[in-house]
Amino acid sequence: MPRCAWYVREITRWVDAHNCFGSCTGNNNKNLNSATIALYIIHSIEKDVAYLVKHIQSDIKNSLNVDVSYDKAWHGRRKAIESTYGTWESNFDELPKYIAALQASNPDTVVKWFHCPNSSSSHVETFKYVFWAFGPAIDAFCLCRPVISVDGCHLKDANNSILPVAYDIIDEKISDSWGWFFYQLRHFVVPNKQLCVVSDRHKGIIHAMENLPEWKEPLAYHRFGLRHIRNNFIQWYKNVCLKKLCWSIGSTTQIRKFVMYMNEIKNINLEAWQYLKEIKRIQWCFLYDHNRRWGFLTTNISESLNNALRGARQLPIKACIDLTFNRTVQLFRKYSDIAMNCNTPLPSCMWRLFRK
């Protein structure tokens, strides 16, 4: 009788579900390349374009038991974005037609471009900046309190809701780009309105506010966000008590308390006291503000909009503009429903304050 050719090896490990990648714990698994990662995460990217690289790494580790490098996960995310929203090159090619269609379907929408000559060819210009503001947002601005929070640029309405007014895409945050942005904002969005600008102490913003005639007092007033003042302050003077006193100085409306808090800082740290003395009181202290900032101490309103638009910076340019448009439409729908269902003489937020 012939011998049987079959034999049984010892089973050392049982896997409930096969995943093609095994339980590799290194970064050298060639099967799991960036293209494969892109296919694996594409639905997550469609739901949330802000899907972080570190979360991609963590999710792949948890579901496939494979470690991937940051670089491989980053390239996988980029390929998933390109698969969903198009490549960066195709977005630039499609941008002029997209902008034309956007303006045609949304009257009074403003779009401004800036190109500069290419150093290698006098016949070629390089894209530098684009500025856009949607027509309905420009029209709604007349109903808002005259305060602009600059980080992403938007305003709050009477119900403490955020109104995105204008956006731009620039190559880097320098004095020239901030000056160009403020010029477009004044001439094409808010040409005849006295405004207060609340921002951090970025040199480009300060330079624009001090040098553009249309942004000088009394046409506009520049104030600093108290949170930025405090954050910069505690980088130099790491002391919990000084941190609390800095906020108290900037937020108090009573002269007596202002003097008391300043004296307390002087007694604790003379150098810290001198640091705050060198910042103009009118630009960060609520007591000396002359009611220009309408109660807004910080730039939190712009930071909260940035959170709503998180991930936009990861997108190709046309997709980025399209995202801001869709998010703005969502905000208008939301606030329209709130307004239609309002049954108080004033917006609900203001009515609650009025009745206190």
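The values are calculated or read from the model by the stated rules, or taken from the named source; none is laboratory data. In this text, all values refer to a predicted model and were calculated from it rather than measured experimentally. Neighbour counts run over all protein chains shown; Cβ positions are idealised from the backbone, glycine included. These accessible areas exclude ligands, DNA and RNA; they are computed on the full protein's heavy atoms, side chains included. Shrake-Rupley method; radii C 1.70, N 1.55, O 1.52, S 1.80 Å.
Can you give me the % of accessible surface on the range 195-237 that is carbon or sulfur? Probe 1.4 Å, all protein chains present, nothing else counted.
Numbers: 1050 of 1960 Å².
Taking all protein chains in place, the range 195-237 shows 53 percent carbon and sulfur surface.
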- prompt: What is the Cα centroid distance between the range 218-236 and the range 42-67, reported in whole angstrom?
  reply: 37 Å
- request: Provide the packing ranking of 130-138, 90-98, 258-266, i.e. peptides ordered by the mean count of other C-beta atoms within 10 Å per residue, highest first.
  value: 130-138, 258-266, 90-98
message: So for each of 190-200, 77-87 I average, over its residues, the number of other beta carbons within 10 Å; can you give me the resulting order with the highest mean first?
response: 77-87, 190-200
- prompt: What nm distance separates the two modelled labels at F332 and S105, each placed 7 Å from Cα along Cα→Cβ?
  reply: 1.2 nm
field: Neighbourhood net charge (14 Å Cβ-Cβ; Lys/Arg +1, Asp/Glu -1) for R230
entry: +4
message: Between N343 and R227, what's the calculated FRET efficiency when r is the beta-carbon distance and R0 is 41 Å? Round to 0.05.
response: 0.70
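In debye, nearest 20, what is the charge dipole magnitude of the range 163-297 about its Cα centre with +1 on Lys and Arg Cβ and -1 on Asp and Glu Cβ, if you could check?
Details: 20 positive and 12 negative charges, 145 e Å.
With Lys and Arg at +1 and Asp and Glu at -1, about 700 debye.
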task: Any lysines with Cα under 17 Å of the K334 Cα? List them, leaving off those in the same chain fewer than 8 positions away.
output: K156
field: For the range 218-257, with +1 on Lys and Arg beta carbons and -1 on Asp and Glu, the positive-most of H228, C241, P218 along the dipole
entry: C241
task: Compute the Kirkwood hydrodynamic radius of the range 194-262, taking the inverse of the mean of 1/r over all pairs of distinct Cα atoms, and give it in Å to one decimal.
output: 13.6 Å
